[in-house]
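The values are calculated or read from the model by the stated rules, or taken from the named source; none is laboratory data. Please read these numbers as outputs of a predicted model, since none were measured by experiment. Counting neighbours? That spans all protein chains shown, and the Cβs are built from the backbone with ideal geometry, glycine included. Remember, those area values only see protein heavy atoms, side chains included, never the ligands or the DNA or RNA. Shrake-Rupley method; radii C 1.70, N 1.55, O 1.52, S 1.80 Å.
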Amino acid sequence: MSDIKLFNNDEKATWCVGCGDFGILASVQWAFANLDLLPTDVLLVSGIGCGSKLPYYMKANGYDSLHGRALPVATGAKLANHDLRVVVFSGDGDGYGIGGNHFMHTMRRNPDLTHIVENNQVYGLTKGQYSPTSQKGFLSTTSPEGAIEVQVNPIALAMAGGASFVSRGFANDPRHLRELIVKAINHKGYSLIDILQPCITYNKVNTGAWYKERVYKLDDDPSYNAGDFDAAWDKAKEWGDRIPIGVIFQDDSRPTYEEQVSQLRDGPLCRKSVEQPIDLLEAIKLEFV
Ligand code: SF4
Ligand code: MG
């Protein structure tokens, strides 16, 4: 039987006191315990950034990849071992900026993995540059006159990109976030959780209080149907005075990427014998004339 304490290690988190990442760490550990997972059942893959440090502070399998490259690494791991629950951690810069290309192609492939993006709307680890999700006009070290680009809307981007599970959480509501993580991991296919995460050091605009004033829970509306793409699209566009959190869109009908790779029909790579010789021509059914 699992327990939240099984996922604790002795590492002291180096995040700033009051950082939203602490709430996310607690929610992840809590969700894993609720799912009755053990540290050996999960693989945590991260990129680079404050949010990507999260796996350092958990006892579980982990792989720290390059900046923006966590998703292809995670996809490869899932192809090799379908039994692993693979969870990816990245920030808004890592996930939507440097890793934006991988974000787009992972969504349409639909591998069975969960993608947690700790979205604080700024680059924190590298000391406060504006990021893809920074609001227009955001003042930062690299935008002293205010950011001039329109901010990325990750929820709309994910829906347009074919993601089969699209959701948003709030770091300062760990109970709700824990429930969301459980739903995302239980979803068969790619699941995105974009998490509003206050960065108390470099984002003085989108603070915990700023988010708290605006967020509302979709779960409180029993008539909301996350399976209805058009209704979900309306929610995806909502940002500003009101920001929806919860499962925004879910499509359970799509097969996963690993289910469609013919070479894996008789089991994942990690179960294949290395003794058995493989006839490559036969395996890929090439015919020469
Ligand atoms: Fe958290 Fe921001 Fe500090 Fe990074 S810089 S640890 S995101 S508060
Ligand atoms: Mg960030």
Inter-probe distance in nm under a simple model that places probes 7 Å from Cα toward Cβ, at residue 9 and residue 241: 4.7
Based on the mean of other beta carbon atoms within 10 Å per residue, what is the order of 101-108, 165-172, most packed first? 165-172, 101-108
Give me the angle, in degrees from 0 to 90, between the Cα long axis of helix 21-34 and the longest principal axis of the Cα atoms of the chain, rounded to the nearest 10. 40
When a/c is below 1.5 the answer is rounded, else prolate if a/b is larger than b/c, else oblate, so apply that to the range 1-132 with a ≥ b ≥ c taken from the square roots of the Cα gyration tensor eigenvalues. oblate
Remind me, relative contact order of the range 1-105 in percent, using alpha carbon pairs under 8 angstrom and six or more residues apart? 27
CD proxy, 222 nm, the chain: helix-only mean residue ellipticity via -39,500 (n - 2.57) per DSSP H run with n ≥ 4, per residue, nearest 500, stands at -7500 deg cm²/dmol
Apply the Karplus parameterisation 6.51 cos²θ - 1.76 cosθ + 1.60, with θ equal to phi minus 60°, to every residue of the range 70-84 and state each ³J(HN,Hα) to the nearest whole Hz, in sequence, with x for glycine and proline. 5, 5, x, 5, 5, 4, x, 5, 5, 5, 6, 9, 5, 6, 6
Between residue 34 and residue 210, what is the spin-label point distance in nm, taking each point 7 Å from the Cα along the Cα→C-beta axis? 2.8
Which order do peptides 72-83, 234-245, 89-100 fall in by mean Cβ count within 10 Å, highest first? 89-100, 72-83, 234-245
Toy charge model, Lys and Arg Cβ at +1, Asp and Glu Cβ at -1: the chain dipole around Cα centroid in debye, rounded to 20, equals 520
Two-decimal log10 I(q)/I(0) for the chain, as the Debye equation yields it once each C-alpha is a single scatterer, q = 0.13 Å⁻¹: -0.86
I'd like the per residue volume of the convex hull spanned by the Cα atoms of the range 47-201, given in cubic angstrom. 106
1.4 Å probe accessible area per residue over the range 4-283, in Å²: 47
In whole Å, what is the distance between the alpha-carbon centres of the range 34-79 and the range 81-137? 13
Specify the angular offset, from 0 to 90 degrees and rounded to the nearest 10, of the alpha carbon long axis of helix 100-109 from the longest principal axis of the alpha carbons in the chain. 50
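Which of the residue pairs 53/127; 78/272; 5/212; 5/59 have a Cα-Cα distance greater than 19 Å in the structure shown?
Where the Cα-Cα span goes over 19 Å, the pairs concerned are 5/212.
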Which of the peptides 132-143, 38-49, 217-228 is most tightly packed, and how do the rest follow, judged by the mean count of other Cβ atoms within 10 Å per residue? 38-49, 132-143, 217-228
